[in-house]
Each structure stands twice: as structure tokens, then as C-alpha cells.
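The values are calculated or read from the model by the stated rules, or taken from the named source; none is laboratory data. Source: prediction; values computed, not measured. Here the Cβ positions follow ideal geometry from the backbone for every residue, glycine too, while neighbour counts run over all protein chains shown. Remember, those area values only see protein heavy atoms, side chains included, never the ligands or the DNA or RNA. Shrake-Rupley method; radii C 1.70, N 1.55, O 1.52, S 1.80 Å.
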Amino acid sequence: MKKSIALLAFVLISTIGFAQNGPKIEFSAKNNTIDYGRVKSTDNSSRDFIFTNTGNAPLLITNVLSTCGCTIPTKPDAPIMPGKTGKITVKYNMAIGPIRKTLTVESNAINYESGRVALKIRGEVVEN
């Protein structure tokens, strides 16, 4: 019985240890949100989501999905090495009105369920 408990404890501790290894993504934007604020329709529509790989393996951004065609994301092509930063550039069609969009980042990060991270942009576009 003692051997069974010891074996179970060893397997549990090993599993927990392995679960902590891998790439981790941390975004510098508060709550993973970029706030455009009040901007004019002629202002620059590009913003960058800056992130860091805080894990111990290369981070791969496999896809960035937008909820509509008015938001165009650009992802990094190369893996982000541990301790390095990367960026996802988002270009928004500056149509007059509120900005409330969500992007979904697909990656191999282990600190988000299935490696999927929701990024948000918000703000308001006003006339010139």
C-alpha cells in the first residue's frame, strides 16, 4: 500500500512539473486590451499588441482571427524565443462610430486554455 501511494505521489508530482514547462505568452496591454480612445477617421489606424514569451520554449503564433473584415491583424512569422518580445499589429478600418472588436490569437502557449488568447480593441472614431 505504501509503495502504491508513493508511486501515485511521484506520478502526480512529475505531471505537475511537466505541466509548467513550455512557452507562455504575456501581453503588455492591460487586460489584453488596446484602447484607441477618441480618434479622428483620418488618424493612423494601426496599433501593436506587444507580448513576451515568459516560458522556456519557443512560442509559435499560428493564427490571429478577427471577428470582422474591418480589423486586419498581422502576426509574427518566426517563433518567439524564451524571454524575447514580439508584436501583433492590428489595422482597423476607421469608420465613424464605436470600436468594439475581439481578436483571437492561436498559439502553443500553455498558460491559456488550448493556447487561445482573446485580444480586444475599443475606442470611438469621430469625424475630422
Those residues of region 39-85 which are assigned to a strand (DSSP E or B), open to solvent by less than 60 Å² (accessible area, probe 1.4 Å), farther than 13 Å from LEU119 by Cβ and not β-branched (Val, Ile, Thr), in sequence order: SER46, ASN53, LEU59
Selected residue (criterion: modelled with the highest pLDDT) from residues of region 26-38 that are open to solvent by less than 80 Å² (accessible area, probe 1.4 Å) and at positive phi: ASN32
Qualifying positions in region 86-125 - assigned to a strand (DSSP E or B), over 12 Å from the mean Cα position of the chain (by Cα) and loosely packed, with under 13 Cβ neighbours inside 10 Å: GLY97, PRO98, ARG100
The one condition in (1) surrounded by 17 or more Cβ atoms within 10 Å (Cβ to Cβ); (2) of a type outside the set (Ser, Thr, Tyr); (3) part of a strand (DSSP E or B) that PRO23 fails to fulfil: (3)
